[in-house]
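What follows is a short report on a single structure.
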Amino acid sequence: MKRITKSVWLMLTILSLLTASTYAVNVPRESLPKRVTEDAVILTEDLISEVLDKVSNLGLGYADAKSECNRIIFNEVVKGNTQGYGYGTLTSIANNAILQYRDMYLRPDYYIEIEQQVRTIISDLITAVENGYDYNKAKKEAYILIYKSVDPFFDEEQLTTKDFCYWDIPAVDSEMFNRVRKLLLEAQEKYKINAQS
């Protein structure tokens, strides 16, 4: 009986380790800082996917996750195992991902609601990007649509004609812009897949 129990526990342990590594959590592409390379993102994912899993599925706090990621990345940079990417680049990718996953863990219903609102507001742009329209142009237009959904009298000309300290921009939750990037990146990915087939 003891032998059977030990073998069952051993099999369960091995199975849990295999599934934990199989379902690694990725860095959300909509949370990336500007001008980071895909290689830096993949490297960061390899280093901190376990921590991201703890944040998104187990509710690990932001400060604890950030300190754990910073320690992991610092040690790898010191060892020279980061393919030339610096501590600042990799930690900014990690911190943005932690912040998004922690917020999504705390407010999952809010993210679903915001995504539906944004999808409704920018549906034409999503379709345009799926048909090959430039992602960056669509993102800029989507941001203006988001501002106008909050304040119909928002004047986008001020973004190009006035110094930024004089801009009169309506208060908008940053998660709306995050969802814009997510939806447009998904549309861009659909276009790439359709173009290959």
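The values are calculated or read from the model by the stated rules, or taken from the named source; none is laboratory data. None of these values were measured; they are calculated from a predicted model. Note that we place each Cβ from the backbone using ideal geometry, even for glycine, and neighbour counts take in every protein chain shown. Ligands, DNA and RNA are excluded from the accessible area calculation, which covers all protein heavy atoms including side chains. Shrake-Rupley method; radii C 1.70, N 1.55, O 1.52, S 1.80 Å.
Anything in the stretch 129-147 that is among the aromatic types (F, W, Y) and either without any contact (Cβ under 8 Å) to a residue 40 or more places away in the chain or surrounded by fewer than 13 Cβ atoms within 10 Å (Cβ to Cβ) (or both)? List them, or say none. Reasoning before the result, please.
To start, the set of residues in the stretch 129-147 that are among the aromatic types (F, W, Y) comprises 133, 135, 143, 147.
Result: Y133, Y143, Y147.
Of all the criteria given as (1) within 29 Å of A24 (Cα to Cα); (2) surrounded by fewer than 16 Cβ atoms within 10 Å (Cβ to Cβ); (3) not acidic (D, E), the one not satisfied by A65 is (2). Among the residues of the stretch 23-56, those that are assigned to a helix (DSSP H, G or I), without any contact (Cβ under 8 Å) to a residue 40 or more places away in the chain and farther than 22 Å from Y135 by Cβ comprise D46, S49, E50, D53, K54. T160 falls short on exactly one of the conditions (1) in a helix (DSSP H, G or I); (2) open to solvent by less than 50 Å² (accessible area, probe 1.4 Å); (3) farther than 30 Å from N70 by Cβ, and that condition is (2).
So that you can scan it fast, the table gives a plain yes or no per residue for (1) in a helix (DSSP H, G or I); (2) surrounded by 15 or more Cβ atoms within 10 Å (Cβ to Cβ):
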{"position": "N70", "(1), (2)": "yes, yes"}
{"position": "V77", "(1), (2)": "yes, yes"}
{"position": "Q83", "(1), (2)": "no, no"}
{"position": "A94", "(1), (2)": "yes, yes"}
{"position": "L99", "(1), (2)": "yes, yes"}
{"position": "Q116", "(1), (2)": "yes, no"}
{"position": "T127", "(1), (2)": "yes, no"}
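Checked against (1) open to solvent by 40 Å² or more (accessible area, probe 1.4 Å); (2) within 17 Å of Y110 (Cα to Cα), R179 passes all but condition (1).
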